[in-house]
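*Asks:* I am attaching a structure below and will ask some questions about it afterwards.
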Amino acid sequence: MSKTAMIRARTELKLKSAVEKIFEALGLTASQAINLFYHRVELENGLPFELKIPNSKTLRAMKDVENNRGLHRHNQVGNMLKDLKK
């Protein structure tokens, strides 16, 4: 039998309950799911999903959308496509 190590982590109670229901539906224990995650991190030499910090241009565009600045509205798809070609 291979040696094991203990992992301790804190998380929100509601999140833990919701996620453990998903694990149960998948036939996994929390320990098995954590081991799967660790194996994927090892396999991919990084997180098994994309994490990005938006650059300044993207952040500016996101703020513009939040504040309804610089938005172009169209009633017809054809007009939108013409505008996109500009």
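The values are calculated or read from the model by the stated rules, or taken from the named source; none is laboratory data. Nothing here was measured: the structure is a model prediction, and the numbers come from that model. Counting neighbours? That spans all protein chains shown, and the Cβs are built from the backbone with ideal geometry, glycine included. With ligands, DNA and RNA removed, areas are computed over all heavy atoms of the protein, side chains included. Shrake-Rupley method; radii C 1.70, N 1.55, O 1.52, S 1.80 Å.
*Asks:* Report, to the nearest whole %, how much of the accessible area of the chain belongs to carbon and sulfur atoms, 1.4 Å probe, protein only.
*Replies:* About 57 percent, which is the carbon plus sulfur part of the accessible surface.
*Asks:* Also: Whole number in Å², please: accessible area per residue of the chain, 1.4 Å probe, ligands, DNA and RNA not counted.
*Replies:* 103 Å²
*Asks:* Looking only at GluC sites (Glu not before Pro) in DSSP loops with at most 13 other Cβ atoms within 10 Å, what is the longest site-free stretch of the chain?
*Replies:* Here the longest segment lacking exposed loop sites spans 13-49.
*Asks:* If Lys and Arg each add +1 and Asp and Glu each add -1, what is the summed charge of the other residues whose beta carbon sits under 14 Å from the beta carbon of Met80?
*Replies:* +3
*Asks:* Starting from segment 7-54, pick out the trypsin sites (Lys or Arg not before Pro) whose DSSP state is loop and whose Cβ has at most 15 other Cβ atoms within 10 Å.
*Replies:* Arg8, Arg10, Lys52
*Asks:* Right, another one. How tilted is helix 56-66 with respect to the longest principal axis of the chain? Cα atoms for both, answer in degrees (0 to 90, nearest 10).
*Replies:* The angle comes out at about 70 degrees.
*Asks:* Computed FRET efficiency, Cβ-Cβ of Asn55 and Ala33, R0 35 Å: what is it to the nearest 0.05?
*Replies:* My answer for the efficiency is 0.60.
*Asks:* Now for a separate question. For segment 5-70, state which chymotrypsin sites (Phe, Trp or Tyr not before Pro) are in a DSSP loop and have at most 16 other beta carbons lying within 10 Å of their beta carbon.
*Replies:* Phe49
*Asks:* Once R0 is set to 30 Å, what does the formula 1/(1 + (r/R0)^6) return for the Cβ-Cβ distance between Glu44 and Ser17, expressed as a FRET efficiency to the nearest 0.05?
*Replies:* Rounded to the nearest 0.05, the efficiency is 0.60.
*Asks:* Still on this structure, I have one more. Say each of Met62 and Gln76 gets a label point 7 Å from the Cα, pointing the same way as Cα to Cβ; how far apart are those two points in nm?
*Replies:* 3.6 nm
*Asks:* Within straight cross-link reach of Lys14, meaning Cα distance under 17 Å, which aspartates and glutamates are found once same-chain residues fewer than 8 apart are removed?
*Replies:* Glu24
*Asks:* I'd like the accessible area for Val77: 1.4 Å probe, protein heavy atoms, all chains in place, Å² to the nearest 10.
*Replies:* Spelled out: Val77, probe radius 1.4 Å, area about 100 Å².
*Asks:* Ok, one more. With Cα extents along the principal axes in Å in mind, check (i) 50, 46, 28; (ii) 49, 26, 24; (iii) 65, 28, 25 and report the label derived from this structure.
*Replies:* Comparing each candidate, only (iii) matches the computed number.
*Asks:* If I ignore ligands, DNA and RNA and count only protein heavy atoms, how much of Met80 is accessible to a 1.4 Å probe, in Å² to the nearest 10?
*Replies:* 80 Å²
*Asks:* With n ≥ 4 as the cut-off for DSSP H runs, can you work out [θ] at 222 nm for the chain, using -39500 (n - 2.57) per run divided by the number of residues, rounded to the nearest 500?
*Replies:* -17500 deg cm²/dmol
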